[in-house]
Amino acid sequence: MARAFLIVMDSVGCGGAPDAAAFGDEGANTLGHIAAECADGRADIGRAGPLNMPNLGRLGLGAALRLASGGEMPGTTSPAAGRWGAATEISRGKDTPSGHWELAGVPVPWDWTYFPDSVPAFPPDLVALVCKLAGTDGILGNCHASGMPIIAAHCEEHLRTGWPICYTSADSVFQIAAHEEAFGLDRLMKLCADLAPHLHAMKVGRVIARPFTGTPGDFKRTANRKDFAIAPPAPTLLDWVAGAGRATHAIGKIGDIFSMNGIGKLWKGKNDSALFDHLDGLADTAESGSLTFANFVEFDSLYGHPRDVAGYARALEWFDARAGAFLACLRPGDLAIFTADHGNDPTWRGTDHTRERVPVICAGVGAGPLGLCGFVDVAASVAAHLGVAVQGPGRSFL
């Protein structure tokens, strides 16, 4: 019986979203701009030359980029040996839950709540609730920020006062950073879990625990991050497959993003390398008829938000090499889809996600163009491949 592997390269957009201007992102193109920077010799830190992704390029990654936005990837194979296309999102957000839910067949039916880019960013009643739940007299941060800089700015005061560091971004998110030993990892997780229902009722998508260790000037975030995400509003691809009696495997953040709905077994790891080890293992051991749904977050977290072009390029080349070995292990009849949930152009202004189309690259189902499709069509295609009923609005492109 056929198996399916749905692999999300977090934030690897390919430009061309028709509504990008409404998000202030007209012209953003994560993959295209990284390829251009590499080709022009401006990303030669720890690597050199044009962006080198022969395995996904052979399947049609360069062709998908051209279709989505007219961008180019020097050195990619044409014609492609896989099925390739580009997907457009309709949910009114460029965030992790919106992208993943829609890829799994469920567009977001509401407007997310976003906090204003002001100081303070959070209303007084929410601050009071955080203080009550944390048992503190105040919070630190209370603004839009990126994780590493805000921890650096408040680490010393956090260790002195015990107040949690609270911040947000352009996403619908409330993040809390705290020291694993001084504040307590269990205490941080309980604070986020207790706070999450209140924020979910406000249609804030996620409460994220961001633990760190170390001392001022010498701290690091740990692998114990946890997302407390609002549950999807309807059954997703994972539920469709599980409801049909099939095995489902979730790698990385997928468990958090889908609140464990429809997930049979969760595979976590301290970094993307460890997560890819799980993916390789499941290529060998996943059951017939099963779905494996994986997220690789470090493109986004380590290189997109910090606007590190060379780092992003290194991560893409590393991933492509791992993908080649993974593809070689697939069985006849298996489907592997490589896609993304949004963009995060490291050449773009600011530090936030960018509204983009995403590549859809398929192995195991022949060769040729898929054309432009919707995020929801990814779920419908996976379900059709597995012989599972499609319960959402998508249509199979296979």
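The values are calculated or read from the model by the stated rules, or taken from the named source; none is laboratory data. Keep in mind that what you see is a predicted model, and the values were worked out from it rather than measured. For neighbour counting, all protein chains shown are included, and Cβ atoms are generated from backbone atoms with ideal geometry for every residue, glycine included.
One table, with the values for the structure above:
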{"quantity": "Selection within the range 3-27 - in contact with a Gly (Cβ under 6 Å, 6 or more places away or on another chain) and farther than 30 Å from Gly387 by Cα", "calculated": "Gly15"}
{"quantity": "Yes/no for Phe122 being under 27 Å from the mean Cα position of the chain (by Cα), free of Cβ contacts under 8 Å to residues at least 60 places away in the same chain and either crowded, with 20+ Cβ neighbours inside 10 Å or in a helix (DSSP H, G or I) (or both)", "calculated": "yes"}
{"quantity": "Within the range 301-343, considering residues that are touching a strand residue (DSSP E or B) at 6+ places or on another chain (Cβ under 9 Å) and within 15 Å of Arg58 (Cβ to Cβ), the one surrounded by the fewest Cβ atoms within 10 Å (Cβ to Cβ)", "calculated": "Leu330"}
{"quantity": "Residue count, the range 204-231 (criterion: assigned to a loop (DSSP other than H, G, I, E, B), among the hydrophobic types (A, V, I, L, M, F, W, C) and over 12 Å from Val173 (Cβ atoms))", "calculated": "2"}
{"quantity": "Residue pairs meeting the criteria (Cβ under 8 Å; at least 6 apart or on separate chains; first over 25 Å from Arg92 (Cα atoms) and touching a residue at least 60 places away in the same chain (Cβ under 8 Å), in the range 187-216; second assigned to a helix (DSSP H, G or I) and among the β-branched types (Val, Ile, Thr))", "calculated": "Leu191/Val130; Arg210/Ile151; Phe212/Ile151"}
{"quantity": "Any hit, the range 108-122, residues being modelled with pLDDT under 95 and charged (D, E, K, R)", "calculated": "yes"}
{"quantity": "Residue within the range 94-113 that is more than 26 Å from His385 (Cα to Cα) and touching a helix residue (DSSP H, G or I) at 6+ places or on another chain (Cβ under 7 Å) present", "calculated": "yes"}
{"quantity": "Residue in the range 336-343 that is in contact with an Asp or Glu (Cβ under 6 Å, 6 or more places away or on another chain), among the polar types (S, T, N, Q) and touching a residue at least 24 places away in the same chain (Cβ under 8 Å) present", "calculated": "no"}
{"quantity": "Helices (runs of 4 or more DSSP H) (entirely within the range 240-334) containing at least 1 residues that are without any contact (Cβ under 8 Å) to a residue 40 or more places away in the chain and not hydrophobic (A, V, I, L, M, F, W, C)", "calculated": "254-257, 272-285"}
{"quantity": "Pairs where the first residue, in the range 2-26, is closer than 19 Å to Pro306 by Cα and the second is aromatic (Phe, Trp, Tyr) and part of a loop (DSSP other than H, G, I, E, B), C-beta under 8 Å, 6+ apart", "calculated": "Asp25/Trp348"}
{"quantity": "Where a residue in the range 152-163 is at pLDDT 95 or above and its partner, wherever it lies, is in a helix (DSSP H, G or I), with Cβ under 7 Å and at least six apart", "calculated": "Leu159/Ala182; Gly162/Phe183"}
{"quantity": "Tally, over the range 69-96, of residues that are in contact with a Lys or Arg (Cβ under 9 Å, 6 or more places away or on another chain), under 18 Å from Ile7 (Cβ atoms) and either free of Cβ contacts under 8 Å to residues at least 60 places away in the same chain or not β-branched (Val, Ile, Thr) (or both)", "calculated": "6"}
{"quantity": "Single residue of Phe219, Phe228, Phe183 found to be within 19 Å of Val297 (Cβ to Cβ) and either free of Cβ contacts under 8 Å to residues at least 40 places away in the same chain or in contact with a helix residue (DSSP H, G or I) (Cβ under 6 Å, 6 or more places away or on another chain) (or both)", "calculated": "Phe228"}
{"quantity": "Selection count where residues are under 21 Å from the mean Cα position of the chain (by Cα) and basic (Lys, Arg), scope the range 359-397", "calculated": "0"}
{"quantity": "The lone exception for Arg221 - which of (1) in contact with a Lys or Arg (Cβ under 7 Å, 6 or more places away or on another chain); (2) of a type outside the set (Ser, Thr, Tyr); (3) at pLDDT 95 or above it fails", "calculated": "(3)"}
{"quantity": "Leading residue by the ranking (farthest from Asp239 (Cα to Cα)) among those in the range 353-398 that are polar (S, T, N, Q) and part of a loop (DSSP other than H, G, I, E, B)", "calculated": "Ser396"}
{"quantity": "Any hit, the range 340-352, residues being of a type outside the set (A, V, I, L, M, F, W, C), in a strand (DSSP E or B) and touching a Gly at 6+ places or on another chain (Cβ under 9 Å)", "calculated": "yes"}
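Listed here are the residues, each with its yes/no results for (1) closer than 22 Å to Phe212 by Cβ; (2) among the charged types (D, E, K, R); (3) touching a strand residue (DSSP E or B) at 6+ places or on another chain (Cβ under 6 Å); (4) surrounded by 24 or more Cβ atoms within 10 Å (Cβ to Cβ).
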position	(1), (2), (3), (4)
Ala80	no, no, no, no
Trp84	no, no, yes, yes
Pro107	no, no, no, no
Asp111	no, yes, no, no
Cys131	yes, no, no, no
Leu140	yes, no, yes, no
Ala152	yes, no, no, no
Glu156	yes, yes, no, no
Pro164	yes, no, yes, yes
